Amino acid sequence: MPVDQSPDGVAALLQDGAIEVDGLVPWGSNYTFLVTVRAGARAIPAIYKPARGERPLWDFPTGSLAFREVAAYQVSIALGWPHVPLTILREGPQGIGMVQQFIDFVDGQHFFTLRDQYRAEMKRIAAFDALINNTDRKGGHVLLGTDEKIYCIDHGVTFHEYPKLRTVIWDFTEQKIPAAILRDLDALRAQLTRGATLFDTLNALLVPREMRALRQRLDELLASGTFPAPPTDWPPVPWPPI
């Protein structure tokens, strides 16, 4: 039976299907498994990152990164950009964790090879990272899918209450944010008010002070209308950059 490729169909399969571990991804700093999620004859490849496999960090609560991955996906859906693979939170073989649809990508392509051809999409990713306070946007976290869409992945270290933006995408420093991006950011305001569906979803994934900081960053981006400049008191580029 073919897999229902609609977002609802993929989400249902990821949420309810049996997780079969195919192998451990060797290059991740946290435990990351390539898995197959199966329900009868339907199956899709996915990435599974259990909370218990997260390496302790000094500035992020242990066991919270999977929740932040899901929060980033939810914000991307609310905005309509950038393309973040469908991501859910569920129990798996190693306990609760993030399960994300695996995207077929073109090997050898990353931000540094794609930046000139896909400027508009890179601006959306840059605005997204500033909003979610991404502290680890490496070049290899930007992928070219075989469907010719640009995807971004690895959003575990995001939504911190203090400014921690660290990224390789500083191409647009202090340039004006495109009007279409600003309109989408402005529309997000209403979705971050108490009682809105997105607010309730994020409130279950983040703590109150992180929710307040998210709304503050949104207000600051809209007020300035420009992409942020690199911080002077924090390493602005992650290592390694790819």
Go through the stretch 132-149 and count every residue that is among the aliphatic types (A, V, I, L, M) and over 9 Å from Phe105 (Cα atoms).
2
Residues that are touching a helix residue (DSSP H, G or I) at 6+ places or on another chain (Cβ under 8 Å) and charged (D, E, K, R): which helices (runs of 4 or more DSSP H) entirely in the stretch 41-155 hold 1 or more of them?
119-132
Of the candidates Val84, Val25, the one satisfying the condition of being closer than 18 Å to Gly156 by Cβ and touching a Leu at 6+ places or on another chain (Cβ under 7 Å) is Val25
Hey, can you tell me all the residues within the stretch 154-175 that are hydrophobic (A, V, I, L, M, F, W, C) and touching a strand residue (DSSP E or B) at 6+ places or on another chain (Cβ under 9 Å)?
Leu165, Val168, Ile169, Phe172
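Based on what the data block shows, is Lys138 surrounded by fewer than 23 Cβ atoms within 10 Å (Cβ to Cβ), within 15 Å of Ile150 (Cα to Cα) and within 13 Å of the chain's Cα centre (by Cα)?
yes
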Would you check if Val10 is among the aliphatic types (A, V, I, L, M), touching a residue at least 24 places away in the same chain (Cβ under 8 Å) and either more than 30 Å from Asp184 (Cβ to Cβ) or touching an Asp or Glu at 6+ places or on another chain (Cβ under 8 Å) (or both)?
yes
Scan the stretch 208-231 and tell me whether some residue there is surrounded by 17 or more Cβ atoms within 10 Å (Cβ to Cβ), touching a Leu at 6+ places or on another chain (Cβ under 6 Å) and at positive phi.
no
Selection status of Arg194, farther than 13 Å from Ala130 by Cβ and at pLDDT 95 or above
no
Which of the residues belonging to the stretch 162-207 are on the phi > 0 side of the Ramachandran plot and either free of Cβ contacts under 8 Å to residues at least 40 places away in the same chain or surrounded by 18 or more Cβ atoms within 10 Å (Cβ to Cβ) (or both)?
Gly195
Go through the residues of the stretch 88-107 one by one and say whether even a single one is in contact with a Pro (Cβ under 9 Å, 6 or more places away or on another chain), under 23 Å from Leu182 (Cα atoms) and in contact (Cβ under 8 Å) with a residue 24 or more places away in the chain.
no
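The values are calculated or read from the model by the stated rules, or taken from the named source; none is laboratory data. As the structure is a prediction and not an experimental result, all values here were calculated from the model. Note that we place each Cβ from the backbone using ideal geometry, even for glycine, and neighbour counts take in every protein chain shown.
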